[in-house]
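Below: the structure, in structure tokens.
The values are calculated or read from the model by the stated rules, or taken from the named source; none is laboratory data. No experiment lies behind these values; they were computed from the predicted model shown. Note that we place each Cβ from the backbone using ideal geometry, even for glycine, and neighbour counts take in every protein chain shown. To get the accessible areas, we keep the full protein, side chains included, count just its heavy atoms, and leave off ligands, DNA and RNA. Shrake-Rupley method; radii C 1.70, N 1.55, O 1.52, S 1.80 Å.
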Amino acid sequence: MTGNRGQATWDYVIVGAGSAGSVLAERLSRDPRHKVLLVEAGGPDTSPLIHMPKGIVKLVQSPAHIWAYQVEQPRTPGSNIPEVWIRGKGMGGSSSINGMIWSRGEPEDYDIWGRDHGCTGWNGESMTAAFKAIEDHALGQSDTRGAGGAVRITPGTQRYPLAESMIAAGRQMGFAETDDLNSMVGDRVGYYSHNIRKGRRDSGAQAFVKKAKKRANFRVMTHTLVRRVVIEQGRVTGIELVDKDGARWIERVGGEVIVCAGTMESPQVLERSGIGDGAVLREVGIETAVDSPDVGNRMREHLSYALAFRLTRNVGINRKFMGLGLVGEVLRYYLTRTGAMAYGPFEVGAFCNAAHPDGRTDLQVYMGGYVFALSDDNHPVSLGVIDPKPGLSIYGQLLRPTSEGSVHVRTAEAGDNPSIIPNWLSTEYDRDAAIKSVRLMRKIAAQPALADVMGEELQPGAAVESDEAILDNFRRNATSGLHGTGTCRMGADERAVVDASLRVRGVTGLRVADCSVMPDLITGNTNAPAMAVGWRAADIILAENKAVAA
Ligand SMILES: Cc1cc2nc3c(=O)[nH]c(=O)nc-3n(C[C@H](O)[C@H](O)[C@H](O)COP(=O)(O)OP(=O)(O)OC[C@H]3O[C@@H](n4cnc5c(N)ncnc54)[C@H](O)[C@@H]3O)c2cc1C
């Protein structure tokens with residue numbers, strides 16, 4: 001659709017073209033009677049770095065493609081190591097800059113949403129149906145996999161002897177080996193599957209928005225920030241937008257606004273619109289329209305920590321990322337769309353139980369045949385700098401931290417850095433899980449399958465042995481898993497921000513659909529779950545509207 005600013009009245013306005021927003025945009029614009037507007041803060045996904053999977057190492061440092069949030073709370077009292085959290089900005093959102101690991105979580109995650117949080121209709125079965133509808137899995141249709149959907153899922157293609165040894169080490173730990181880590185629960189190891197189509201990233205923008213863009217009833221505005229939704233007499237009637245030159249205007253909304261701005265931004269859109277904790281809003285001079293005390297609170301996040309090992313022989317893949325090796329891989333990529341550039345950052349994955357008393361999966365492991373360069377204090381220098389010497393990385397991600405944090409606006413303007421308080425490791429359970437996870441990852445590294453190549457432990461190093469020393473090192477070096485949830489929590493209780501139909505409590509014509517609504521953590525990465533939330537949101541909205549029309 002074309003037209004001047006503010007001239008149309010939109011049936012649906014979707015805020016944010018990320019994982020969830022992309023799916024919604026495509027689904028809601030299928031009916032030509034619906035006028036659909038998708039607003040995205042960042043730009044189009046034109047950079048070749050987005051489409052080449054290994055481009056991630058540059059994208060995560062590119063201000064044009066990310067939101068980079070300064071975390072104000074130090075990791076550990078007195079620590080001056082800055083913590084920066086990132087999210088994708090631009091068409092596709094985080095799905096355009098992420099590691100492309102296709103991980104669905106476990107069905108029990110979603111059963112908990114329905115059972116413990118009162119989110120009627122959300123459970124393992126309904127989310128599995130959504131995943132299957134979205135997937136075009138190269139391993140074909142099964143009870144747990146979909147075929148013919150919009151997102152191409154490619155099983156591990158980057159196989160080499162050291163990666164096979166990593167899998168063998170997992171087997172020696174007693175983990176079940178599988179060719180599809182999403183097809184089972186319990187301790188398991190195998191190659192990661194990725195949302196990659198013929199060597200290109202299959203982001204939300206590519207898999208969904210591209211189709212919608214051909215429709216006359218659909219319009220995308222890029223480089224445009226949603227400052228707030230306009231609420232009149234308890235109903236949303238418009239959105240206030242700001243372009244990159246600072247010009248502001250209002251688009252009118254006849255139907256509804258669906259906020260899909262992600263865990264960091266969705267609560268801020270609500271707060272700038274006067275929906276939130278009255279005390280937080282007053283502090284920044286925003287008038288309260290709806291007192292909703294949990295907006296921006298109850299944030300839960302995975303916590304990641306890396307072990308790095310030197311290899312005694314050059315059996316890793318570090319040489320593919322430097323000098324002539326890199327030139328060769330880039331050439332190979334552009335000629336054949338294969339090789340190291342056509343793959344995500346980690347080859348091998350494992351899911352296992354490290355500390356959770358009920359035996360559920362609480363640790364995700366990522367293994368790769370290289371290490372990032374470390375600084376003097378063993379902190380990774382940058383995600384973009386690979387150590388030239390042979391190495392092996394084992395990343396662990398705590399999947400069930402119980403510490404809760406918050407994200408809140410500091411000003412009434414869109415795009416300003418929010419206040420972020422993670423409260424990392426503030427519970428006994430989380431501290432215990434951190435220590436046990438490091439010991440478990442060391443055990444993987446010590447398996448016979450890796451013995452003939454395994455050298456010195458570089459990070460944290462053999463001297464870090466006592467529980468206290470491990471916890472101290474973990475605190476200094478662990479960082480966000482970038483899988484945050486809960487800041488616009490869905491639930492049946494009074495404090496929940498949205499109900500089970502994703503409607504924002506206290507106002508009409510407004511929903512949230514993205515990772516922020518997830519009332520609990522996911523047992524894995526969050527791109528596929530965010531897309532499935534977008535898919536289910538479309539089901540819910542379209543069913544409601546059909547009922548109204550009937
Ligand atoms: C570096 C990185 C690596 C990751 N790796 C993986 C992985 O390998 N596998 C996996 O499954 N998950 C991964 N994740 C997590 C996953 O990508 C995200 O959790 C998921 O994409 C979030 O989806 P979303 O729809 O909630 O939000 P997003 O995809 O982040 O989308 C939000 C969109 O809203 C836009 N927006 C925000 N505010 C406004 C506003 N005011 N006005 C207009 N637009 C706005 C943003 O620019 C963005 O495009 C990774 C994340 C990161 C950051």
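The mean sequence separation of alpha-carbon pairs under 8 Å and at least six residues apart, normalised by the residue count of region 420-550, gives a relative contact order of 16 percent. Over 23 Å between Cα atoms: which of Lys198/Lys244; Lys89/Lys244; Lys54/Lys198 fall into that group? As for pairs spanning more than 23 Å Cα to Cα, those are Lys198/Lys244.
For Arg360 and Asn4, the FRET efficiency from 1/(1 + (r/R0)^6), where r spans their Cβ atoms and R0 equals 45 Å, is about 0.25. Using the Karplus relation 6.51 cos²θ - 1.76 cosθ + 1.60 with θ = phi - 60°, the per-residue 3J(HN,Hα) values for region 250-259 come to 10, 9, 7, 10, x, x, 8, 9, 10, 8 Hz, with x marking Gly and Pro.
With just the Cα atoms defining each centre, how far is region 72-99 from region 391-459? Give it in Å. Centre-to-centre distance over Cα atoms comes out at 13 Å.
Long hydrophobic helices in the chain, taken as whole DSSP H segments with a C-alpha length of 30 Å or more on their own axis and mean Kyte-Doolittle hydropathy at least 0.0: 527-549. With the charge dipole of the chain set up from +1 on Lys and Arg Cβ and -1 on Asp and Glu Cβ about the Cα centre, the Cα lying farthest toward the positive end among the listed residues Val290, Ala279, Asn217 is that of Asn217. Entry note, region 127-259: relative contact order of 13 percent, from Cα contacts under 8 Å with a spacing of 6+ residues.
Between Trp249 and His223, the modelled labels are 1.5 nm apart [label points 7 Å from Cα along Cα→Cβ]. In this structure, Asn80 and Asn423 have a Cβ-Cβ separation that, at R0 = 22 Å, corresponds to a calculated FRET efficiency of about 0.70. Within the shell defined by Cβ-Cβ distances under 13 Å, the residues around Ala350 carry a net charge of -1, with Lys and Arg each +1 and Asp and Glu each -1.
Counting 0.36 nm for each residue step from Ala451 to Asp467 and taking away their Cα separation leaves a gain of 3.3 nm. Distance between the pseudo-spin-label points of Leu324 and Glu72 (7 Å out from Cα toward the beta carbon): 5.3 nm.
Only Cα pairs under 8 Å and 6+ residues apart enter the sum, and on that basis the relative contact order of the chain stands at 22 percent.
Of the solvent-accessible surface of the chain, computed with a 1.4 Å probe and all protein chains present, 52% belongs to carbon and sulfur.
Computed from the C-beta positions of Lys389 and Gln141, the FRET efficiency with R₀ = 51 Å rounds to 0.70.
Centre-to-centre, using Cα atoms only, region 195-257 and region 485-509 are separated by 21 Å. Around the amide H of Val259, modelled in the peptide plane, lie the amide H atoms of Val15, Arg511, Val512, Ala513, all under 5 Å away and 5 or more residues distant in sequence or on another chain. Does region 348-473 come out rounded, prolate or oblate, given a ≥ b ≥ c as the square roots of the eigenvalues of its C-alpha gyration tensor, rounded meaning a/c under 1.5 and, failing that, prolate meaning a/b above b/c? Oblate. Residues whose amide H falls under 5 Å from that of Gly146, counting only those 5 or more places apart or on a different chain, are Glu135, His137, with hydrogens built in the peptide plane. Solvent-accessible surface of the chain, taken per residue with a 1.4 Å probe and all protein chains present: 37 Å².
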